[in-house]
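In what follows, a single structure is set out as structure tokens and then discussed.
The values are calculated or read from the model by the stated rules, or taken from the named source; none is laboratory data. Computed from a predicted structure; not experimentally measured. Neighbour counts run over all protein chains shown; Cβ positions are idealised from the backbone, glycine included.
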């Protein structure tokens, strides 16, 4: 029986040293798949913890304490809402890996770049395209 060779996932430093001609090769895609899957697991775990935390109702007679608890819950819910949106982006990024579109700008088709993807694994636009979009939003408010 032949031993199955396990693919080694490169480190960030190894990714950055790879030549541009290797852009979005199997090793790089494996790295980002693993990173995105880890992000998804953490976000889902946070959501479960929030649900459990919010179920633990504590009756506090003091109005100031009650207001503090309600404010903490509101803040926690806003955070979870942002994370819910991020989960969707993570899942879309994983789908882009499977379809072969990951790492390329949605607008231009150009490579997004390893450094940008390391900073923001869910990026769908190159830095230049993102800057253009933000400028348009600032100018036209769309």
Would you say residue 116 is outside the structural domain of residue 28 (by TED's automatic domain parsing), surrounded by 12 or more Cβ atoms within 10 Å (Cβ to Cβ), over 16 Å from the mean Cα position of the chain (by Cα) and closer than 30 Å to residue 15 by Cβ?
no
Take residue 49 and decide whether it is under 28 Å from residue 125 (Cα atoms) and in a helix (DSSP H, G or I).
no
Only listed residue being closer than 29 Å to residue 131 by Cβ, free of Cβ contacts under 8 Å to residues at least 60 places away in the same chain and either in a helix (DSSP H, G or I) or not assigned by TED's automatic domain parsing to the domain that holds residue 132 (or both), chosen from 66, 35, 82
82
